[in-house]
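**Student:** Structure incoming, see below.
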Amino acid sequence: MSDADAGRFPWAMVALMGGAGTTHFTNPSFYDPIVPKWLPGSARTWTYLSGVAELTCAALMARRSTRRLGGVASFATILAVWPANWQVALDGGMKEQQPPFDSAAAAWIRLPLQLPMFWGAWKVAAG
């Protein structure tokens, strides 16, 4: 990775986590159905909490002094929500959503697409 790429890289993760966190508030009904049923409380509460976590990760990565912490927090956050994405795939998609999100194929394709997110968070954490 060149110096220019290294300088831009944390901003890609900031945008990704910040954008994802924002959509938890602008479109919570997309996320509510994938909240695991075994979690206590309402799905909407968990949707908002995960949105806060993602926005916090983005804010931490945006500051040079907290960037590594933000990378670690991002990795942990992505890891924490990954089981919900596996459950969606095992359930055959998000049936209450519009195509393509209602399909099993989209749910299974989504899983490996999250691997670059893990890598990105790891890279930010590693500095």
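**Student:** Report yes if Trp11 is part of a helix (DSSP H, G or I), of a type in the set (A, V, I, L, M, F, W, C) and within 21 Å of Ala121 (Cα to Cα), otherwise no. Break it down into steps so the answer makes sense when it comes.
**Tutor:** Values: part of a helix (DSSP H, G or I): yes; of a type in the set (A, V, I, L, M, F, W, C): yes; within 21 Å of Ala121 (Cα to Cα): yes.
Against the criterion (part of a helix (DSSP H, G or I), of a type in the set (A, V, I, L, M, F, W, C) and within 21 Å of Ala121 (Cα to Cα)), Trp11 qualifies.
**Student:** Just give me the residues in the range 57-80 being surrounded by fewer than 19 Cβ atoms within 10 Å (Cβ to Cβ) and without any contact (Cβ under 8 Å) to a residue 60 or more places away in the chain, in sequence order.
**Tutor:** Step one: filter the range 57-80 for residues surrounded by fewer than 19 Cβ atoms within 10 Å (Cβ to Cβ), giving 59, 62-69, 72, 76, 79-80.
Scanning the range 57-80 gives Ala59, Ala62, Arg63, Arg64, Ser65, Thr66, Arg68, Leu69, Val72, Ala76, Leu79, Ala80.
**Student:** Name the residues in the range 24-46 that are open to solvent by 50 Å² or more (accessible area, probe 1.4 Å) and outside any loop (DSSP other than H, G, I, E, B), would you?
**Tutor:** Our first condition is that a residue be open to solvent by 50 Å² or more (accessible area, probe 1.4 Å); within the range 24-46, this holds for 25-27, 29, 37-38, 40-42, 44-46.
The answer is Phe25, Thr26, Ser29, Arg44, Thr45, Trp46.
**Student:** Report every pair of residues separated by at least 6 positions or lying on different chains whose Cβ atoms are under 7 Å apart, first residue within the range 100-127 and assigned to a helix (DSSP H, G or I), second open to solvent by 80 Å² or more (accessible area, probe 1.4 Å) and of a type in the set (Val, Ile, Thr).
**Tutor:** Ala125/Val72
**Student:** What's the number of the condition Gly93 fails, among (1) assigned to a helix (DSSP H, G or I); (2) surrounded by 17 or more Cβ atoms within 10 Å (Cβ to Cβ); (3) among the small types (Gly, Ala, Ser)?
**Tutor:** Here Gly93 meets the rest and fails (1).
The values are calculated or read from the model by the stated rules, or taken from the named source; none is laboratory data. It should be emphasised that the depicted structure is a prediction, and the values quoted were computed from it without experimental measurement. Positions of Cβ are generated from backbone atoms using ideal geometry, with glycine treated the same way; all protein chains shown enter the neighbour counts. When the accessible area is computed, the model is the full protein with side chains, heavy atoms only, and any ligands, DNA or RNA have been set aside. Shrake-Rupley method; radii C 1.70, N 1.55, O 1.52, S 1.80 Å.
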